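S.K.: Okay, here's the structure, questions in a sec.
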Amino acid sequence: MLEASLIPLAEWIDRLVDWLVVHYGDRLGEINSWIVHKIGFFERFLSQSIAWPLMMLAFAALAYHASRSPRLAAGAAAAFALIWALDLWTPTMQTLSLMSVSLVVTVAIGLPLGVLMSQSGGVRALMMPVLDFMQTMPSFVYLIPVVMLFGLGTFAGVLATTIYAAPPLVRLTDLGIRLVDKEVIEAATAFGATRRQKLFGVQIPLALPNIMAGVNQSIMMALAMVVIASMIGVRGLGQEVLYGLQRQEPGTGFVAGLAIVLLAIVLDRITQAYGRRLAAQRQIAH
């Protein structure tokens, strides 16, 4: 076995993280505290300010608006009622708040990046290996520098979840815009549309079903990250699963896992329903 690596990549990464901690640790700590405060306010708003029946009805209404299906609306209401009955309402709202903030950051970063990739072959060639790296690197690995820079807690979980959930949205946004029919683009060009007008008036609206599919996949990956994020101090359903593992209480872990599954199913069905509506509107537009 070699005593030293020919390429000391691990040592370089250690030095980079140490340099960031030394020179920017205070600033990163301020950012961490500010975001944790905002997320904490959002958590309290969901879990304490809004009564659980109102939240249940809100998701039922959202499900009905997305699908026009009373069955889906009733299923969403039943799922949230079961979560409340299992005495997991507060952890569920903590998980939902973390996932919501992560999704907002993911969309704010991933959507423009996917659009940029669709418009530039050079950017796409540069970003594809990065996206492959983000999707295939075990999540435990990039938790290490995140925790060193931002410490244990919610913000580290948000950052790790964003890194894990962003690639599907970026890829499907890029793919959706590239799959827009050339004839439609040529027709817009014939009417004198500029490149910007074609992008925002034609390509992005027609790519919305693919973009919604990317949002759906990002939501599922964010929920998959919940249990892992609990290992760095993130509160929520993942922490309940971790407690069940640490205390050797399979019932606690199973019930928390069931709540994660119910939340995932509701969010998946709602986003899929919106995606189908957008696809139907696209067919009518054609």
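The values are calculated or read from the model by the stated rules, or taken from the named source; none is laboratory data. On a predicted model such as this, the values are computed, not experimentally measured, just so you know. All Cβ positions, glycine included, derive from the backbone under ideal geometry; neighbour counts span all protein chains shown.
S.K.: Would you mind finding the one in GLY244, GLY275, GLY257 that is within 30 Å of ALA213 (Cβ to Cβ) and either among the aromatic types (Phe, Trp, Tyr) or in contact with a Pro (Cβ under 9 Å, 6 or more places away or on another chain) (or both)? Full working, then the answer.
M.R.: On the way: GLY244 fails: within 30 Å of ALA213 (Cβ to Cβ); GLY257 fails: either among the aromatic types (Phe, Trp, Tyr) or in contact with a Pro (Cβ under 9 Å, 6 or more places away or on another chain) (or both).
Step by step, each of GLY244, GLY275, GLY257 is checked, and only GLY275 is within 30 Å of ALA213 (Cβ to Cβ) and either among the aromatic types (Phe, Trp, Tyr) or in contact with a Pro (Cβ under 9 Å, 6 or more places away or on another chain) (or both).
S.K.: Where in the stretch 179-251 are there helices (runs of 4 or more DSSP H), lying wholly inside it, with at least 2 residues that are within 28 Å of the chain's Cα centre (by Cα) and surrounded by 19 or more Cβ atoms within 10 Å (Cβ to Cβ)?
M.R.: 204-229, 237-246
S.K.: Now for a different question. Based on this model, can you work out whether VAL170 counts as under 22 Å from VAL146 (Cα atoms), of a type outside the set (Lys, Arg) and modelled with pLDDT of 85 or more?
M.R.: yes
S.K.: Still on this model: Is there a residue in the stretch 22-44 that is among the hydrophobic types (A, V, I, L, M, F, W, C), over 30 Å from PRO145 (Cβ atoms) and either within 20 Å of the chain's Cα centre (by Cα) or assigned to a helix (DSSP H, G or I) (or both)?
M.R.: no
S.K.: Looking only at the stretch 252-261, count every residue that is over 17 Å from the mean Cα position of the chain (by Cα) and either crowded, with 20+ Cβ neighbours inside 10 Å or without any contact (Cβ under 8 Å) to a residue 60 or more places away in the chain (or both) and tell me the total. Walk me through how you get there before you give the answer.
M.R.: Here is the first cut: in the stretch 252-261, the ones over 17 Å from the mean Cα position of the chain (by Cα) are 252-259.
If we keep only those that are either crowded, with 20+ Cβ neighbours inside 10 Å or without any contact (Cβ under 8 Å) to a residue 60 or more places away in the chain (or both) too, we end up with 252-254, 256-257, 259.
So the count comes out to 6.
S.K.: A follow-up question, please. Has the stretch 79-88 got any residue that is at pLDDT 85 or above and either farther than 28 Å from VAL255 by Cβ or touching a Cys at 6+ places or on another chain (Cβ under 6 Å) (or both)? Lay out the reasoning, then the answer.
M.R.: Of the residues in the stretch 79-88, the ones at pLDDT 85 or above are 79-88.
Add one more test, that the residue is either farther than 28 Å from VAL255 by Cβ or touching a Cys at 6+ places or on another chain (Cβ under 6 Å) (or both), and what stays is none.
So far as the stretch 79-88 goes, no, none of its residues is at pLDDT 85 or above and either farther than 28 Å from VAL255 by Cβ or touching a Cys at 6+ places or on another chain (Cβ under 6 Å) (or both).
S.K.: If we only count helices (runs of 4 or more DSSP H) wholly inside the stretch 49-136, which ones have 1 or more residues that are among the charged types (D, E, K, R)?
M.R.: Passing ranges, in order: 70-85, 121-136.
S.K.: Can you tell me which residue within the stretch 110-125, out of those that are surrounded by 12 or more Cβ atoms within 10 Å (Cβ to Cβ) and either in contact with a Gly (Cβ under 6 Å, 6 or more places away or on another chain) or among the aliphatic types (A, V, I, L, M) (or both), is farthest from SER218 (Cα to Cα)?
M.R.: The qualifying residue farthest from SER218 (Cα to Cα) is VAL123.
S.K.: On to the next question. Given (1) over 18 Å from the mean Cα position of the chain (by Cα); (2) polar (S, T, N, Q); (3) modelled with pLDDT under 85; (4) surrounded by 14 or more Cβ atoms within 10 Å (Cβ to Cβ), where does SER97 come up short, assuming only one miss?
M.R.: That leaves (1) as the condition not met.
S.K.: What do you reckon, is LEU86 under 13 Å from VAL266 (Cα atoms) and either surrounded by fewer than 17 Cβ atoms within 10 Å (Cβ to Cβ) or acidic (Asp, Glu) (or both)? Outline the logic, then answer.
M.R.: Numbers: under 13 Å from VAL266 (Cα atoms): no; either surrounded by fewer than 17 Cβ atoms within 10 Å (Cβ to Cβ) or acidic (Asp, Glu) (or both): yes.
Considered against the rule, which asks whether it is under 13 Å from VAL266 (Cα atoms) and either surrounded by fewer than 17 Cβ atoms within 10 Å (Cβ to Cβ) or acidic (Asp, Glu) (or both), LEU86 comes out as no.
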